[in-house]
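J.: The structure that follows is given in the form of C-alpha cells.
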Amino acid sequence: MLRRILFVVATYITSTLLMLAQKPMFLLWYAERAEGTTPADIWGVVWHGLLLDSTTAGYISVIPWLAMLISVWVTIPEQVMRRILKGYFAIIAFAVSLIVAVDMGLFRYWDFRLDRTILLYLSSPKEAAASITWSDLWPTLLLFVGYATAIFYSLRHTTNIYRAIKLSITMRLTATLALLFTGGLLFLAIRGGAGTAPANVSKVYFSDNMFLNQAATNPVFSFLSSASRSELKEGDYNYFSDQECAAIIKKDFPRHSSLPQANSKLTITRPNVVLIILESFGRTVTDEVIDGKEVTPYLNSLKTEGIWFENLVANSFRTDRGTVAIMSGYPTHPVASIMKYPQKAQSLPSIAGSLKEQGYTTTFTYGGDANFTNTISYLYGTGVERITDQRNLSFDETPAKWGYDDRLVCDYFAGEVLELGRSGKPFFSTLLTLSSHEPFDVPHSAFEHKILNAASFTDECVGKMIDKWRNSDIWDNLLVVLIADHGLAYPEDLQAGDLLRQQIPMLWIGGAVKESCVVTDFASQCDLAATLLAQMHLDVDQFTFSHNIFADGEPKFGFWSYNNGFGVITADGYLRHDLTKDSTIEFEGNHESLREESVRRGKAIVQSLHKDILQR
C-alpha cells in the first residue's frame, strides 16, 4: 500500500523538479536578456514560478495516480504496470520537451511564452517552417533530445517503487482512502492552491520587469491552458458597465458624419489607389543609418514629395493582425486574431469593399501563399475581387522559403498596375511585400545585418517599381500608400509591445497628392481606412474604430495590443499596460491623470472590441 503512495509522490516531486529546471535553462538560453539580474531576481523567478511548475507536475501525475488506484482492486503484474507507465512517461517526455523546445526557439521572436497562437500558424506548416533557420533549429533540437531524455529516465526510475502485492480487503479499503486523499492533494496542486482563483499565468507575475515574469512562466502550462480555453470567452475583459464603456468609446471614436469635413489633400476625389504593405518595416529599421548609409534611402527620399505621417503606430506584431488593421480599420484583439474566425472576419468593413461598391476593380498580390492564416478568406469576404499569389505566379527563378522575392513580384505588380491604370476603370490594388520577413534571405549585400540587408533590398525593389509608375501616363491619377504591417525586434532587445517596436512609417505619394506635408498627429494603422475613404468623400461611419486623421474633432492617439496587453500614445505621453497582471508596466507622461485616462481608454477599447468580435 505504502509503495503505491510513494510512487505517486515520487512522480509528482520528480515532475516538479523537472519543470523547475526550465527556469535556469531559460535564463541561460537568453543570457543576454538576463544580464543584470540579481540573485534575488533569480530566486523570484524560481519561487514564483514554482506554482505553475507544481500545477503542471500535478497534471503529469494524474495518470500514475489513477493507475495505482486501479491496481489496488485489480492485480496487475509488475512488468505490465511498468511497461504501461514507461510508455506514458515516454509520451510525456516527448510532449513536454517539444513544447519547451519550440517555446525556447520562438520566444526570441514573439517575446511571450508559447500559447495557442502557434496553432494558427501550424495550419500552414510550410509557411511557418519558412521562418526557421538552421541556426534556430539545431539548438532547439539538441534541447528537445536532451530534455526528453532527462524527463524519461528520471520518471522511469520511479516505476521501480511499484510492487504488485496482494492486499486484504481491509488494506484495499485503507489504500483506497489514502490514495483518494493523495488525489485530493494533487487536485489542490493542479488548481494552484485552495484560494478562490485557480492556477493561471498571472499568478506567477511578481516583477515590473516583464522578462522576469516570462521566465517564471511554465511554457507547458501556458500552452495547454491557452489551447484548452476559448480566446473569445463571454465575460472576459469586462471592466466597465455597458453604458460606461459606450460613453468612453463614443468620446474616443465619435461618428465621422458628426465632424467637420477635413481639408482635401488630393487633387482628385476618386484616384486610383495602390496600397503597399511593407513587411516588418518598423521605424527602428527605416530610420537606421550604418556608417553614414541609410537602410531605406528610397522610402526616406519620398518623404519630401508626399504626405508623411511621423507618429504612426502598428496595432500588433503579426501580419494577419496588421492586414486587418490596415484594410478594415479594425484594432487587434489582445490574444485573438479575427482572421482565425473566417465568418467574423468576412463581416468586417474594408477599404476594398467600400471602393468595390464605387465601381473600383480590387486586387491583392503577394509572392507567397496568400492563404496563410486564412488571409484569402478574409480578402474575398471583404471585397477583394482578384488575388494573385505564389500559386498563380510563374517565374524562371526558384522561390525562396516564403515565396518569390520582392524583385520578381514588384516587377510583376508594376506591370499589373500600369495595365489597370490604362484600362479606363478605377482600381484599388494591394501588394504585400515578402523579402523583409525572417529568415531575411535575399539576393542583396548592402548590409551585414540580415534584417537591415533585407529591408534595403525591399526598399530598392519598391523604389524601382514606383519609378516605373512615376514615368508613365498613369501617375497623375495615382495615389500610392506605403505602410508597414508591423515592426520587429531590431535592435534585438526590443520586447513585444515596446513603443519603439510599434512605430512604423506611412507615406502617401503620387500625382493625386496635392502637396507635400508632415503630419505630426498621433495615430495608428486603423486610422488609414477612415482617413483615406473620407478624402474620397465616401461614408466611413461603419469604420467604428478608425479615426479620420485629417478631421478636426477626432481624438489624436495611437492604440496597440500584444499578448494580453495594450499600449496608448498621445502627444502628452504613452503607456503600456499588462492585462494579465492588470498593471501598468511602462508610463511616460506629465501627470498621473494621463496614466489613469490612458488605462481607462485602453480597457474600454479592449472591452468594446472583445464584445464586437463575439457578436459578429
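J.: For the range 231-297, which GluC sites (Glu not before Pro) are in a loop by DSSP, counting at most 11 other Cβ atoms within 10 Å? Walk me through the numbers before you get to the answer.
T.: Working: sites: GLU231, GLU234, GLU244, GLU279, GLU288, GLU294; in loops: GLU231, GLU234, GLU279, GLU288.
Answer in residue order: GLU234.
J.: Given charges of +1 on the Cβ of Lys and Arg and -1 on the Cβ of Asp and Glu, with all other atoms neutral, how large is the dipole of the range 1-115 about its Cα centre, in debye to the nearest 20? Don't jump to the answer; show the numbers that get you there.
T.: On the way: 9 positive and 8 negative charges, 122 e Å.
Using Cβ point charges on Lys, Arg, Asp and Glu, the range 1-115 gives about 580 debye.
J.: Let me ask something else. Give the carbon-plus-sulfur fraction of the accessible surface of the range 243-289 in %, rounded to a whole number; probe 1.4 Å, heavy atoms of protein chains only. Don't skip to the answer; put the middle values down first.
T.: Working: 1070 of 2140 Å².
That share works out to 50 percent.
J.: Another question, if that's okay. What is the pair-distance distribution P(r) of the range 392-495, computed from all Cα-Cα distances in 5 Å bins starting at 0, with each bin given as a whole percent?
T.: Going out from 0 Å in 5 Å bins, the range 392-495 shows 2, 11, 21, 21, 18, 13, 8, 4, 1, 0 percent.
J.: Continuing with this model, one more query. So what's the gap between the Cα centers of the range 1-79 and the range 170-188, to the nearest angstrom?
T.: 20
J.: Oh, and also: Which FRET efficiency value, to the nearest 0.05, is calculated for SER257 and SER583 with the Förster distance at 35 angstrom and r the Cβ-Cβ distance?
T.: Details: r = 38 Å, r/R0 = 1.09.
It comes out at approximately 0.35.
J.: Over the alpha-carbon set of the range 452-573, work out the extent along each principal axis and list the three values in angstrom, largest first.
T.: Ordered largest first, the range 452-573 gives principal extents of 48, 41, 24 Å.
J.: For the chain, which cysteines have no second Cys with its Cβ under 4.7 Å from theirs?
T.: That list is CYS245, CYS517, CYS526.
J.: Hey, another quick one. What is the distance, in nm, between label points placed 7 Å from the Cα along the Cα-to-Cβ direction at GLU448 and at ARG391?
T.: Label-label distance for GLU448 and ARG391, simple model: 4.3 nm.
J.: Taking K and R as +1 and D and E as -1, what net charge do the other residues with C-beta under 11 Å from the C-beta of TYR30 add up to? Mind showing how you got there, number by number?
T.: Details: positive: ARG33, ARG108; negative: GLU32, GLU35, ASP111, GLU492, ASP493.
That works out to -3.
J.: On to the next question. Using just the Cα positions, wrap the range 569-616 in a convex hull and report its mean projected area in square nanometres, one decimal place. Walk me through the intermediate numbers first.
T.: Working: hull surface 14.4 nm².
Over every viewing direction, the Cα hull of the range 569-616 projects on average to 3.6 nm².
J.: With no solvent and one equal point scatterer per Cα, compute the Debye intensity ratio I(q)/I(0) for the range 230-353 at 0.18, 0.19, 0.21 Å⁻¹ and report its log10, rounded to two decimals.
T.: Debye curve over Cα of the range 230-353, log10 I(q)/I(0) at q = 0.18, 0.19, 0.21 Å⁻¹: -1.31, -1.37, -1.45.
J.: Relative to the longest principal Cα axis of the chain, at what angle does helix 169-191 sit, 0 to 90 degrees, rounded to 10?
T.: The two axes meet at around 20 degrees.
J.: Roughly how tilted is helix 39-73, in degrees to the nearest 10 and between 0 and 90, from the longest Cα axis of the chain?
T.: In the chain, helix 39-73 runs at an angle near 60 degrees to the longest axis.
J.: Now a separate question. Over the chain, what relative contact order in percent results from Cα pairs under 8 Å that are six or more residues apart? Could the numbers behind the result be given before it?
T.: Values: 1090 pairs, mean separation 118.7, N = 616.
Relative contact order for the chain comes out at 19 percent.
J.: Another question about this same structure. Using a 1.4 Å probe, what is the accessible area per residue for the chain, in Å²? Walk me through the intermediate numbers first.
T.: Details: 24990 Å² over 616 residues.
Per-residue value: 41 Å².
J.: Give me the percent of the accessible area of the range 42-88 that comes from carbon and sulfur atoms, probe 1.4 Å, all protein chains in place. Let's see the in-between values first.
T.: On the way: 1650 of 2190 Å².
Of all accessible area on the range 42-88, carbon and sulfur atoms account for 75 percent.
J.: When only Cα pairs under 8 Å and 6 or more residues apart are kept, what is the percent relative contact order across the range 337-425?
T.: Details: 94 pairs, mean separation 27.2, N = 89.
Normalised by residue count, the contact order of the range 337-425 is 31 percent.
J.: Right, here's the next one. Straight distance only, please: which lysines reach the Cα of LYS166 with their own Cα at less than 28 Å, same-chain residues fewer than 8 apart left out?
T.: LYS166 reaches LYS86.
J.: Continuing with this model, one more query. Please enumerate, by chain and number, the aspartates and glutamates with C-alpha under 15 Å from the C-alpha of LYS203, excluding those fewer than 8 residues away in the same chain.
T.: ASP53, ASP578, ASP582
J.: Using a 7 Å offset from Cα along Cα-Cβ at ARG83, what residues in the range 147-175 end up with backbone N under 19 Å from the label point?
T.: 156-165
J.: Assign unit charges at the C-beta atoms only (+1 for Lys and Arg, -1 for Asp and Glu), then state the dipole size of the chain relative to its Cα centre in Debye, rounded to the nearest 20. Present the calculation step by step, with values, prior to reporting the outcome.
T.: Values: 53 positive and 64 negative charges, 670 e Å.
With Lys and Arg at +1 and Asp and Glu at -1, about 3220 debye.
J.: Another one. Taking the Cα centre of the range 179-321 as origin and charging only Cβ (+1 Lys, Arg; -1 Asp, Glu), how large is the dipole, in debye to the nearest 20? Walk me through the numbers before you get to the answer.
T.: Details: 14 positive and 15 negative charges, 77 e Å.
Here the size comes out at about 380 debye.
J.: Then there's this: Checking the cross-link filter: which lysines have an alpha carbon closer than 27 Å to that of LYS468, excluding same-chain neighbours under 8 positions apart?
T.: Hits, sequence-local ones excluded: LYS265, LYS293, LYS303, LYS356, LYS425, LYS514.
J.: Can you tally the net charge around ASN392? Count Lys and Arg as +1, Asp and Glu as -1, for every other residue whose Cβ sits under 14 Å from the Cβ of ASN392. Before the final figure, lay out each step's value.
T.: Details: positive: ARG386, ARG391; negative: ASP369, ASP389, GLU416.
Once positives and negatives cancel, what remains is -1.
J.: Right, another one. Contact order normalised by length for the range 498-548, with contacts defined as Cα pairs under 8 Å and 6 or more residues apart; what percent is it? Don't jump to the answer; show the numbers that get you there.
T.: On the way: 25 pairs, mean separation 16.2, N = 51.
Dividing the mean separation by the residue count of the range 498-548 yields 32 percent.
The values are calculated or read from the model by the stated rules, or taken from the named source; none is laboratory data. Every value quoted in this text rests on a predicted model; they were computed, and no experiment measured them. Neighbour counts run over all protein chains shown; Cβ positions are idealised from the backbone, glycine included. Just the protein is used for accessible areas: all its heavy atoms, side chains included, with ligands, DNA and RNA removed. Shrake-Rupley method; radii C 1.70, N 1.55, O 1.52, S 1.80 Å.
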